Amino acid sequence: MKSVHKKKIGILLGLLLAVAVLFTAFTRDEKLFQIDKNLDIYYTLVRELNLFYVDEINPNDLVKNSIDKMLESLDPYTTYIPESDMEDFRFMTTGEYAGIGALIGRNGDKIIISEPYEGFPAQKSGLKAGDVLLEVSGKSTEKMNTEDVSNLLKGPANQVVRVKIDRPGEKKPFDVEIVREQIQIDAVPYFGMLDDKTGYIRLSNFTANCGDEVKQLVKELKEKHHAQSLILDLRSNPGGLLNEAVKIVNIFVPKGVEVVSTKGKVKQWDKVYNATENPVDTIMPLAVLINRGSASASEIVSGALQDLDRAVIIGTRTFGKGLVQTTRDLSYNTKLKVTTAKYYIPSGRCIQALDYSHRNEDGSVGVVPDSLISEFTTRKGRKVYDGGGVTPDIKVDLDRISNLSINLVQKYMIFDFATQFAYQNESIPQPEDFEITEAIYDQFKTFLREHDFEYESETEEALDQLEEVAKAEQYYEMAQSQFEALRAQVSHELDRDLNQFQVEIKEMMTDEIVSRYFYQKGAIRASIKTDRGISKAMEVLDSPTQFSAVFEPGIVISKAN
């Protein structure tokens, strides 16, 4: 009797298994059918548009736009890379491209050199920030955008590109011949000693081999300069290659320690990344600086070092990108960069802040709700949380920039003054010693008046909007006198505002002027003396008591930090 009962159970389980397999196969086949069906509809739709639409259409643009919109509905990181953008894609991953080595921008209706990179063809050929590009390879830039001009400047290495320059202070335009080179943008724009015992490394991105570079710099700071503590600056670092992030964490943690893991739909691709090499130093006091612009690989490094209680994290909460992209080859030399997984740092948390899988009714994306946020613990028992980037152990708020300063930058007032200053002054003191004196600041005030600089404060802009709403709702006439009285009270005065916000304006002027003489490294050197994040990190590293207190078990590192 029992054997008959067992046989019935076995038959029933077999039937259930068969149904499950059939259902799975049916679901998979149905999905493939839907894909084939919709691709066929799409093909016939584009064909009919091409044949019968009233105006001529560009099929390439039409299909590209539709692909971009489709992928945009998933997340901002899943993107289609056409053959024409392949050079830019390689630059993003390797930091390399063939060109003249300069950043260009648009100042009004002119294309200008914003910054020539030190040691590269543009700088070696004498180009300066503020130079106006009139022609590139005999083609006028008058009706071009910056992307068009950038494409003309790029090209095969060791070939000459001729540019016509209009330089402020020169009587007439002149031609410059520049030999293109393979440009490798350094992932570490600056490193050095901040005092006799504190080393500093600024990492701007995670391109190929940056992990090895940082490792060598840490060794150099320790062995040649006798650094006893270190600050790793990841502020405004948007990320890059995951394996380079693992290498950098490995510099400071023992071999074999888990740094990050990835989990996605394709389980065979799930992977755990451990430290694979012997570290450089596992005990040196370490501080990592972060801000809202620190994302992806920057969050792996800062988050892993926080979870392993290896470094004190200082600054503001990071961006919150916990998604992993993989590049897949498509036909006709194109590629798809597709989100394939989420990454998890050692405590087990994922720091992804936006929930793209559950959009609001209007299609917008919301943050991960508090109800879905989970608590995790670091190696020493501190409490950390997922769903919102990496929260610093010590918060250093960014100063809010005034509307005046924003307008001065957007309207190129500081940039143009720096161009004029560099033309009038052959040299300046070393970056650490240069300062905007009252005499220089008075010159800047005069420059603004001569150029009829105008702007509105945020309060005035808000009042403009309020007046528009009042007029639309027909309340303005009833309160016109009150509106006029309020506008008279809040109207800005340029001289007053220039004095009120002179500290932040002088810092921006220092950055722009110093970069004309000492380039990017000089600008970083000049900014260190007023950098609150660096000052706080040095204070903590200089105090063993303050440093060790950060890692006390039970401490809660929440979003409120």
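The values are calculated or read from the model by the stated rules, or taken from the named source; none is laboratory data. The structure presented is a predicted model; accordingly, all values stated were derived computationally and were not measured. For neighbour counting, all protein chains shown are included, and Cβ atoms are generated from backbone atoms with ideal geometry for every residue, glycine included. For the accessible areas, the whole protein counts, side chains as well, though only heavy atoms, and no ligand, DNA or RNA atoms are used. Shrake-Rupley method; radii C 1.70, N 1.55, O 1.52, S 1.80 Å.
Whether any residue in the range 162-175 is closer than 23 Å to residue 84 by Cα and part of a loop (DSSP other than H, G, I, E, B) is what I want to check.
No, there is no match, as no residue in the range 162-175 is closer than 23 Å to residue 84 by Cα and part of a loop (DSSP other than H, G, I, E, B).
Which one is least open to solvent (accessible area, probe 1.4 Å), of the residues in the range 40-65 that are under 22 Å from residue 330 (Cα atoms) and touching a Pro at 6+ places or on another chain (Cβ under 9 Å)?
Among those residues, the one meeting the criterion is 46.
Look at the range 438-447 and say how many of its residues are of a type outside the set (A, V, I, L, M, F, W, C) and either open to solvent by less than 20 Å² (accessible area, probe 1.4 Å) or under 9 Å from residue 506 (Cα atoms) (or both).
Keep residues of the range 438-447 that are of a type outside the set (A, V, I, L, M, F, W, C), which gives 438, 441-443, 445-446.
Still in the list and also either open to solvent by less than 20 Å² (accessible area, probe 1.4 Å) or under 9 Å from residue 506 (Cα atoms) (or both): 441.
Looking only at that region, the number is 1.
Considering only residues that are in a loop (DSSP other than H, G, I, E, B) and open to solvent by less than 20 Å² (accessible area, probe 1.4 Å), look in the range 109-130 and name the one that is nearest to residue 182 (Cα to Cα).
The extreme case among them is 127.
Please go through the range 201-222 and give me each residue that is surrounded by fewer than 16 Cβ atoms within 10 Å (Cβ to Cβ), within 22 Å of residue 525 (Cα to Cα) and among the charged types (D, E, K, R), ordered by number.
In the first step, residues of the range 201-222 are kept if they are surrounded by fewer than 16 Cβ atoms within 10 Å (Cβ to Cβ); the result is 209, 212, 216, 219-220.
Checking the rest, the ones that are also within 22 Å of residue 525 (Cα to Cα) come to 216, 219-220.
Once the filter is applied, which keeps residues that are surrounded by fewer than 16 Cβ atoms within 10 Å (Cβ to Cβ), within 22 Å of residue 525 (Cα to Cα) and among the charged types (D, E, K, R), the range 201-222 yields 219, 220.
For the range 88-108, which residues satisfy the criterion of being under 28 Å from residue 242 (Cβ atoms), modelled with pLDDT of 90 or more and open to solvent by 20 Å² or more (accessible area, probe 1.4 Å)?
Start the filter on the range 88-108 by keeping residues that are under 28 Å from residue 242 (Cβ atoms), which leaves 88-99, 101, 103.
With the extra rule that they be modelled with pLDDT of 90 or more, the set shrinks to 99, 101, 103.
Correct list: 103 only.
Does residue 297 satisfy being in contact (Cβ under 8 Å) with a residue 24 or more places away in the chain, more than 21 Å from residue 395 (Cβ to Cβ), under 18 Å from the mean Cα position of the chain (by Cα) and surrounded by 21 or more Cβ atoms within 10 Å (Cβ to Cβ)? If you could, list the steps in order and put the result at the bottom.
Working: in contact (Cβ under 8 Å) with a residue 24 or more places away in the chain: yes; more than 21 Å from residue 395 (Cβ to Cβ): yes; under 18 Å from the mean Cα position of the chain (by Cα): yes; surrounded by 21 or more Cβ atoms within 10 Å (Cβ to Cβ): yes.
Considered against the rule, which asks whether it is in contact (Cβ under 8 Å) with a residue 24 or more places away in the chain, more than 21 Å from residue 395 (Cβ to Cβ), under 18 Å from the mean Cα position of the chain (by Cα) and surrounded by 21 or more Cβ atoms within 10 Å (Cβ to Cβ), residue 297 comes out as yes.
Restricting attention to helices (runs of 4 or more DSSP H) lying wholly within the range 381-498, give those where 3 or more residues are modelled with pLDDT under 95. Outline the logic, then answer.
Numbers: elements: 403-410, 413-424, 438-450, 458-472, 480-490.
Correct list: 403-410, 458-472, 480-490.
Hey, among the residues in the range 131-143 that are open to solvent by less than 40 Å² (accessible area, probe 1.4 Å) and in a loop (DSSP other than H, G, I, E, B), which one's nearest to residue 423 (Cα to Cα)?
Of the range 131-143, the ones open to solvent by less than 40 Å² (accessible area, probe 1.4 Å) are 131-133, 136, 141.
When the remaining residues are screened for being in a loop (DSSP other than H, G, I, E, B), the result is 131, 141.
Values: 131: 11, 141: 24 Å.
Among those residues, the one meeting the criterion is 131.
For residue 552, work out the one condition from (1) in a loop (DSSP other than H, G, I, E, B); (2) touching a helix residue (DSSP H, G or I) at 6+ places or on another chain (Cβ under 9 Å) it doesn't fulfil.
Of everything listed in (1) in a loop (DSSP other than H, G, I, E, B); (2) touching a helix residue (DSSP H, G or I) at 6+ places or on another chain (Cβ under 9 Å), residue 552 misses just condition (2).
Looking at this structure, is residue 514 surrounded by fewer than 16 Cβ atoms within 10 Å (Cβ to Cβ) and assigned to a helix (DSSP H, G or I)? Quick ask: steps written out before the conclusion?
Numbers: surrounded by fewer than 16 Cβ atoms within 10 Å (Cβ to Cβ): no; assigned to a helix (DSSP H, G or I): yes.
Taking the combined requirement at face value, the residue does not satisfy it.
Taking the range 181-200 as the region of interest, how many residues are open to solvent by 20 Å² or more (accessible area, probe 1.4 Å), assigned to a loop (DSSP other than H, G, I, E, B) and in contact with a strand residue (DSSP E or B) (Cβ under 9 Å, 6 or more places away or on another chain)? Outline the logic, then answer.
Of the residues in the range 181-200, the ones open to solvent by 20 Å² or more (accessible area, probe 1.4 Å) are 181-182, 184-186, 190-191, 193-197.
Remaining after also requiring assigned to a loop (DSSP other than H, G, I, E, B): 185-186, 194-197.
Filter again for in contact with a strand residue (DSSP E or B) (Cβ under 9 Å, 6 or more places away or on another chain), leaving 185, 194, 197.
The total comes to 3.
Going by the structure shown, is residue 419 touching a Pro at 6+ places or on another chain (Cβ under 9 Å), of a type outside the set (D, E, K, R) and crowded, with 20+ Cβ neighbours inside 10 Å?
On the way: touching a Pro at 6+ places or on another chain (Cβ under 9 Å): yes; of a type outside the set (D, E, K, R): yes; crowded, with 20+ Cβ neighbours inside 10 Å: yes.
Taking the combined requirement at face value, the residue satisfies it.
Hey, any hits in the range 146-169 for a residue that's among the charged types (D, E, K, R), without any contact (Cβ under 8 Å) to a residue 24 or more places away in the chain, more than 30 Å from residue 285 (Cα to Cα) and open to solvent by 40 Å² or more (accessible area, probe 1.4 Å)?
Initial filter on the range 146-169 (among the charged types (D, E, K, R)): 147-148, 154, 162, 164, 166-167.
Now drop any that are not without any contact (Cβ under 8 Å) to a residue 24 or more places away in the chain, which leaves 147-148.
Of the ones still in play, those that are also more than 30 Å from residue 285 (Cα to Cα) are 147-148.
Subsequent filtering for residues that are open to solvent by 40 Å² or more (accessible area, probe 1.4 Å) retains 147-148.
Looking through the range 146-169, at least one residue is among the charged types (D, E, K, R), without any contact (Cβ under 8 Å) to a residue 24 or more places away in the chain, more than 30 Å from residue 285 (Cα to Cα) and open to solvent by 40 Å² or more (accessible area, probe 1.4 Å).
Is one or more of the residues making up the range 257-266 free of Cβ contacts under 8 Å to residues at least 60 places away in the same chain and touching a strand residue (DSSP E or B) at 6+ places or on another chain (Cβ under 9 Å)?
Restricting attention to the range 257-266, the residues satisfying the condition of being free of Cβ contacts under 8 Å to residues at least 60 places away in the same chain are none.
No, because not a single residue in the range 257-266 is free of Cβ contacts under 8 Å to residues at least 60 places away in the same chain and touching a strand residue (DSSP E or B) at 6+ places or on another chain (Cβ under 9 Å).
For the condition assigned to a loop (DSSP other than H, G, I, E, B), crowded, with 21+ Cβ neighbours inside 10 Å and at pLDDT 95 or above, what is the one hit in 245, 227?
That would be 227, the only listed residue that is assigned to a loop (DSSP other than H, G, I, E, B), crowded, with 21+ Cβ neighbours inside 10 Å and at pLDDT 95 or above.
Of all residues being touching a strand residue (DSSP E or B) at 6+ places or on another chain (Cβ under 7 Å) and more than 16 Å from residue 309 (Cβ to Cβ) in the range 530-558, which is surrounded by the most Cβ atoms within 10 Å (Cβ to Cβ)? Just the residue, please.
Filtering first and then ranking leaves 537.
Can you confirm whether residue 454 is surrounded by fewer than 12 Cβ atoms within 10 Å (Cβ to Cβ), farther than 30 Å from residue 518 by Cβ and over 29 Å from the mean Cα position of the chain (by Cα)?
Details: surrounded by fewer than 12 Cβ atoms within 10 Å (Cβ to Cβ): yes; farther than 30 Å from residue 518 by Cβ: yes; over 29 Å from the mean Cα position of the chain (by Cα): yes.
Answer is yes for this residue.
Residues being open to solvent by 50 Å² or more (accessible area, probe 1.4 Å) and not acidic (Asp, Glu): count how many of those fall in the range 257-267.
Start the filter on the range 257-267 by keeping residues that are open to solvent by 50 Å² or more (accessible area, probe 1.4 Å), which leaves 258, 263, 265-267.
Of the ones still in play, those that are also not acidic (Asp, Glu) are 263, 265-267.
Of the residues in that region, 4 qualify.
Inside the range 457-483, can you point out the residues that are surrounded by 15 or more Cβ atoms within 10 Å (Cβ to Cβ) and either closer than 21 Å to residue 417 by Cβ or touching a residue at least 40 places away in the same chain (Cβ under 8 Å) (or both)?
457
Quick check on the range 167-188. Is at least one of its residues at pLDDT 95 or above, under 30 Å from residue 540 (Cβ atoms) and not small (Gly, Ala, Ser)?
Yes, there is a match, as at least one residue in the range 167-188 is at pLDDT 95 or above, under 30 Å from residue 540 (Cβ atoms) and not small (Gly, Ala, Ser).
Name the single residue, out of those in the range 399-451 being of a type in the set (Lys, Arg) and over 31 Å from the mean Cα position of the chain (by Cα), that is nearest to residue 497 (Cα to Cα). Spell out the reasoning first.
Let us first name the residues in the range 399-451 that are of a type in the set (Lys, Arg), namely 400, 411, 445, 449.
From the residues that got through so far, the ones that are over 31 Å from the mean Cα position of the chain (by Cα) too are 445, 449.
Working: 445: 11, 449: 14 Å.
Restricting to residues being of a type in the set (Lys, Arg) and over 31 Å from the mean Cα position of the chain (by Cα), the top hit is 445.
Hey, residue 339 hits all of (1) polar (S, T, N, Q); (2) touching a residue at least 40 places away in the same chain (Cβ under 8 Å); (3) closer than 30 Å to residue 547 by Cα but one; which does it fall short on?
That leaves (3) as the condition not met.
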